[in-house]
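What follows is a single structure, written as structure tokens, with notes after it.
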Amino acid sequence: MQKRTANGRSFAPETSAAEAEIRIRLQLEPFRLTRREAEITLLLLGGLQRKDILETCGITNNTLKSHIRRIYRKLGAARRDDLAGCVNAAGRAKCATSRSSASI
């Protein structure tokens, strides 16, 4: 939907953060992540560091490691850098960069 400025120019409205989150959550559906795994995936994609995720979620480091390991396995990612590509590839085949062991 196009919007118009006061001077009559039209532009496409920017996607709000909430709309972007909904779009990413929909892209994650085929991977069957738990709510917590989806939440952590969003935080990882948002660039949060481990300590910030621990504080935000109120979980221990070992719990976070377990979540990340399962997220990587379900998405077929080998490392954090692969996550965005794997999420964007949702609906197509799982991420082709899958490796036998994921580094955490």
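The values are calculated or read from the model by the stated rules, or taken from the named source; none is laboratory data. Bear in mind that the values here come from a model prediction, so they are computed numbers and not experimental data. Ideal geometry is used to build each Cβ from the backbone, glycine not excepted, and the neighbour counts take in all protein chains shown.
The number of residues in region 19-66 that are out of contact with any Gly (no Cβ under 8 Å at 6 or more places or on another chain) and closer than 17 Å to Asn88 by Cβ comes to 19.
In region 61-92, the qualifying residues are those that are within 11 Å of the chain's Cα centre (by Cα) and β-branched (Val, Ile, Thr), and the one that is modelled with the highest pLDDT is Ile71. Among the residues making up region 61-80, those that are assigned to a helix (DSSP H, G or I) and over 19 Å from Lys51 (Cβ atoms) are Arg70, Tyr72, Arg73, Lys74, Leu75.
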